[in-house]
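As C-alpha cells, the structure follows; a few thoughts come after it.
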Amino acid sequence: MPPKVLVFASTYELHEYAVSILKNQLKKKPSSRIGLSTGKTMIPFYNHLACAKLNFSKATTFNQDEYLKPDSKTRSFKKYMEKYFLNKTNISPKNFHIPESNPANSKKSAQEYEKAITKSKVDLQILGLGRNGHIGFNEPGTPFISKTHVINLTPSTRKANNTKTRQALTIGISTTLHAKKIILIATGEHKAKAIKTLLQKPISTKCPASALRKHKDVTILLDKAAAKEL
Ligand code: GLP
C-alpha cells in the first residue's frame, strides 16, 4: 500500500495529530516499543508530547541514531533526548535506548543495538527526514538491506546539522522497515524536494526514504510548505 499522506494547515495541528497517534498506541498497548527521532523538526513534537502527559511507564523506546565521537561543539542526541523527552515524560531510563556515542568497539556496539531493537517488532516508528532524503543517518547510497551500522556523514548533512563530526551510528533501512507502523514528519519548504522524490520518483537508494514505499503501513505528515512540490 502506498504511504498515506496528510497535509496540515499548521505545524501545530500536525504535531497535535502525531501525538494523538502515539497516545492511541500507548492506550492500546501500554508496553509498546516506540522508535524515536531527533532533529529540529521533532522539537515541537516533543513539546506537545510533554504537555499531553502520555503514560510511558510501561513503554520502551529506541532512538534511531547518534553521533560517533562527537566534536566538542556538537550536542549529542542523548543530550537532546534528555532535554526534550527523558526529563519531560515518565519513561523509565532503563527502558530508553540510544546508540552509544563513544563505544570502545563501534561495530560490536552497532550489532548489539540491532539485536536489541529487532528482538521484537517496534510497534510505532516516528521518523524525521533529511533534506537529501536520509532517514536516521542512512545517507544516499545506503543499501535497503542495511542493519544498524556506522556511517560517514555527507558534507551536506554536516552543514545542515552544523557539526564537524564525521561519523554516526544509525539503525539501518531494513531495521526501520521492521517496525509495524511508521510515521514520517516533514515540515518546511527545505524538505519539499525530498518529499517529492520520496513519493513520486523511482524507489532508489539515491533517496533512502523512498524505501518506505516498500512498507505497508506508512503515514507521512506534512505542513503545506513541505507538500509544496506534490
Ligand atoms: C538528522 C537526523 C535525523 C533527522 C533528520 C532531520 O540528521 N539524523 O534523524 O530526522 O536529520 O533533521 P531536521 O529535523 O533537523 O531537519
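Values as computed for the structure displayed
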{"quantity": "Selected residue (criterion: surrounded by the most Cβ atoms within 10 Å (Cβ to Cβ)) from residues of region 199-230 that are among the aliphatic types (A, V, I, L, M) and assigned to a helix (DSSP H, G or I)", "calculated": "Ala209"}
{"quantity": "Options Lys121, Lys196; residue that is surrounded by fewer than 18 Cβ atoms within 10 Å (Cβ to Cβ), basic (Lys, Arg), in contact (Cβ under 8 Å) with a residue 12 or more places away in the chain and not in a loop (DSSP other than H, G, I, E, B)", "calculated": "Lys196"}
{"quantity": "Gly188 being over 14 Å from the mean Cα position of the chain (by Cα), away from the ligand (no atom under 13 Å from the Cβ), of a type outside the set (Ser, Thr, Tyr) and at positive phi", "calculated": "no"}
{"quantity": "Residue in region 9-50 that is surrounded by the most Cβ atoms within 10 Å (Cβ to Cβ), counting only those that are of a type in the set (Phe, Trp, Tyr) and within 16 Å of the ligand (Cβ to nearest atom)", "calculated": "Phe45"}
{"quantity": "Filtered residues of region 1-43 (kept if farther than 28 Å from Glu189 by Cα and assigned to a loop (DSSP other than H, G, I, E, B))", "calculated": "Lys29, Pro30, Ser31, Ser32"}
{"quantity": "For Leu68: the one exception among (1) over 23 Å from Lys181 (Cβ atoms); (2) without any contact (Cβ under 8 Å) to a residue 40 or more places away in the chain; (3) buried (at least 19 other Cβ atoms within 10 Å of the Cβ)", "calculated": "(2)"}
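For (1) in contact with a strand residue (DSSP E or B) (Cβ under 6 Å, 6 or more places away or on another chain); (2) touching a residue at least 40 places away in the same chain (Cβ under 8 Å); (3) over 19 Å from Lys193 (Cβ atoms), each residue gets a yes or a no:
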{"site": "Ile117", "(1), (2), (3)": "yes, yes, yes"}
{"site": "Ile126", "(1), (2), (3)": "yes, yes, yes"}
{"site": "Ile135", "(1), (2), (3)": "yes, yes, no"}
{"site": "Gly141", "(1), (2), (3)": "no, yes, no"}
{"site": "Thr148", "(1), (2), (3)": "no, yes, yes"}
{"site": "Thr163", "(1), (2), (3)": "no, yes, yes"}
{"site": "Leu169", "(1), (2), (3)": "yes, yes, yes"}
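Here, each number is a calculation from the coordinates, and none is a lab measurement. Since this is a predicted model, take the numbers as computed values, not measurements. We place every Cβ from the backbone using ideal geometry, glycine too, and count neighbours over all the protein chains shown.
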